[in-house]
Amino acid sequence: MLGMLLNDHECHELNFMLRKELDEMLFDLQDNQLDPTLKMAIRSRYKMVFRLFSRFATPKELSRYTLVK
C-alpha cells in the first residue's frame, strides 16, 4: 500500500481533476458509435478512477458518478 500527503488545496485540485475525468468518461460511454471493446476499456478505467475519487468525495458527490448498468 502506498500513501500520499496532500494539503487542502492539493486535495481540492485532485478532487476537481477526478470529477472532470469521470465526466468525460461518462460522456464517452453514452456515445453509441463507439466500439464495444473501447467502451469496455473506458468502463474499466472509470471504475479505477471512481475508486480513487471515492476516497475524496462525499456520498452526495459519489451518487452523481455511480455507474448504472
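The values are calculated or read from the model by the stated rules, or taken from the named source; none is laboratory data. The model shown is predicted, which means the values in this text are computed figures rather than measured ones. So basically every Cβ, Gly included, is an ideal-geometry build from the backbone, and we count neighbours across all protein chains shown. In case anyone asks, the SASA skips ligands and DNA or RNA and just uses the protein heavy atoms, side chains included. Shrake-Rupley method; radii C 1.70, N 1.55, O 1.52, S 1.80 Å.
A compact table of results
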| quantity | calculated |
| --- | --- |
| Which of M17, V68, T58, positive extreme of dipole for the chain (C-beta unit charges) | V68 |
| Net dipole in debye of the chain [+1 Lys, Arg Cβ; -1 Asp, Glu Cβ; about Cα centre; nearest 20] | 400 |
| Between 0 and 90°, nearest 10: helix 36-53 axis offset from the chain longest Cα axis | 20 |
| Net charge over other residues, Cβ less than 15 angstrom from the Cβ of F27 (K, R count +1; D, E count -1) | +1 |
| Dmax and Rg, reported as Rg then Dmax, of the chain (C-alpha, Å) | 13.4, 41 |
| Cα long-axis angle, helix 8-29 against the chain (0 to 90 degrees, to the nearest 10) | 10 |
| Hits among aspartates and glutamates - C-alpha to C-alpha of K47 under 12 Å, sequence gap 8 or more where chains match | E21 |
| Over the chain: helical MRE at 222 nm, DSSP H runs n ≥ 4 each giving -39500 (n - 2.57), nearest 500 | -22500 deg cm²/dmol |
| Sequence-separation-based contact order of the chain, relative, with Cα cut under 8 Å and 6+ spacing, percent | 36 |
| Accessible area in the full protein assembly, largest first, 1.4 Å probe, for F27, F53 | F27, F53 |
